[in-house]
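Read through the structure below, which is laid out as structure tokens, and then see the notes.
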Amino acid sequence: EMRGISLHPLSPTRMAAGIDSSSATDLLPVMAQAKRTKPVAGLWLTESGMQAWLEGTLPDASRNLIESSRLWLPDERVGIGMDGAARRADDGKLFSVQAVALKPGVGFVATVEGDGLADGTVVRLGGDGRGAVVRGTQVGETGADPETLSRAGRCRIVLRTPGIFGSGWRLPGMAEDGCFELMGVRGRVVAAAVPRAEVVSGWDLARWRPKSAQRAAPAGSVYWIEDLKATQEQLGKLADHGLWPAEGYDAQRRAEGFNRFEWGAW
């Protein structure tokens, strides 16, 4: 435990006879507790804790949790809307924005194609255009072993980034009855833990206009899949491609990193 904090897994469970719900899946993700407690916010899993969870074991709360305040602090700023023609502050246009100020030694990990970002390159980061410095780093692979999942015939899909899907919370290639097929990977979604949808937008610098606002399933959403039929190679190929159709997808949003996921054991 970490200051009295304990971790409890969600378990897909079939409801007893006589209990009905509006769930679209056969099973409901249930967290069994001997005593009801309040959830705690502002905690993150370490890399080793995340890997343990993806492999199907419960992380150690005393060693695998870290407070967000140790990673960043909120940075709120006040701005004033400008009248471009008069070149002065516009009446009544006062606003505030909140960003995050990363602690020393904390950063974002991203992969890019090409070799244009050498160590020490300064880039523009975030909507308010803050400066960031590029540093090369080594990152370990995470996620359950695809060969193990293929043999087991069941798995979890865990969203690593927000998922922009054409049918709300449903994965691409997922039918109303839960049957799922995408890039050769087939199975049946029997349970899902998806928080309230969030909205993603952004600013298109090339076209100098806002990007379309789109609803997305939040990062951390989990889908439990049974009757998994896929080879190790097919599972790896889908993980590399992301949760996008084989063709006709939004190439810009894919390049930005949406619909990325990890395979998890179940």
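The values are calculated or read from the model by the stated rules, or taken from the named source; none is laboratory data. The shown structure was predicted, so the numbers you read here are calculated from the model rather than taken from an experiment. Virtual Cβ from ideal backbone geometry, glycine too; neighbours counted across all protein chains shown. Ligands, DNA and RNA are excluded from the accessible area calculation, which covers all protein heavy atoms including side chains. Shrake-Rupley method; radii C 1.70, N 1.55, O 1.52, S 1.80 Å.
Please find, in a Gaussian network model of the chain (springs between Cα atoms separated by less than 10 Å), the residue of 38, 211, 229 whose mean-square fluctuation is greatest.
Looking only at 38, 211, 229, the largest GNM fluctuation is found for 38.
With every protein chain left in place, what is the accessible area per residue of segment 55-95 in square angstrom, probe 1.4 Å?
In whole numbers, segment 55-95 has 77 Å² accessible per residue.
Which of the lysines could a cross-linker span from residue 237 if the Cα-Cα distance has to be under 23 Å and same-chain partners fewer than 8 positions apart are dropped?
Candidates past the 8-residue exclusion: 229.
Using DSSP to define loop residues, name the chymotrypsin sites (Phe, Trp or Tyr not before Pro) in segment 19-118 whose beta-carbon has at most 16 other beta-carbon atoms within 10 Å. The partial results should precede the final answer.
Numbers: sites: 44, 53, 72, 95, 108; in loops: 108.
Counting only loop positions with at most 16 other Cβ atoms within 10 Å, the chymotrypsin sites (Phe, Trp or Tyr not before Pro) in segment 19-118 are 108.
Report, in degrees rounded to the nearest 10, the 0 to 90 angle that the Cα long axis of helix 232-241 makes with the longest principal axis of the chain.
The angle comes out near 20 degrees.
Dipole size in debye (nearest 20) for the chain around its Cα centre, Lys and Arg Cβ +1, Asp and Glu Cβ -1?
Its charge dipole is roughly 680 debye.
Relative contact order of segment 1-103, please, whole-number percent, based on alpha carbon pairs below 8 angstrom and at least 6 residues apart.
22 percent
Whole angstrom only: what separates the Cα centroid of segment 25-72 from the Cα centroid of segment 107-177?
Cα centres, segment 25-72 to segment 107-177: 20 Å.
When the chain is treated as a GNM, springs tying every alpha-carbon pair under 10 Å, which of 183, 82, 174 comes out with the largest mean-square fluctuation?
82
Determine the share of the chain's accessible area contributed by carbon and sulfur atoms, expressed in whole percent, with a 1.4 angstrom probe.
51 percent
How much length would be gained if the chain were fully extended between residue 32 and residue 219, taking 0.36 nm per residue of separation minus their Cα-Cα distance, in nm to one decimal?
Answer, rounded to one decimal: 65.0 nm.
Compute the Rg/Rh shape ratio of segment 112-266: radius of gyration over Kirkwood radius, all on alpha-carbon atoms.
Reported Rg/Rh (Cα atoms, Kirkwood Rh): 1.01.
Taking N as the number of residues in the chain, what is its alpha-carbon radius of gyration divided by 2.2 N^0.38 Å? Spell out each step's value before the answer.
Details: Rg = 21.3 Å, N = 266, 2.2 N^0.38 = 18.4 Å.
This ratio for the chain stands at 1.16.
Towards the positive end of the charge dipole of segment 170-266, with charges on Cβ (+1 Lys, Arg; -1 Asp, Glu), say which of 206, 175, 218 has the farthest Cα.
Towards the positive end, the residue furthest out is 206.
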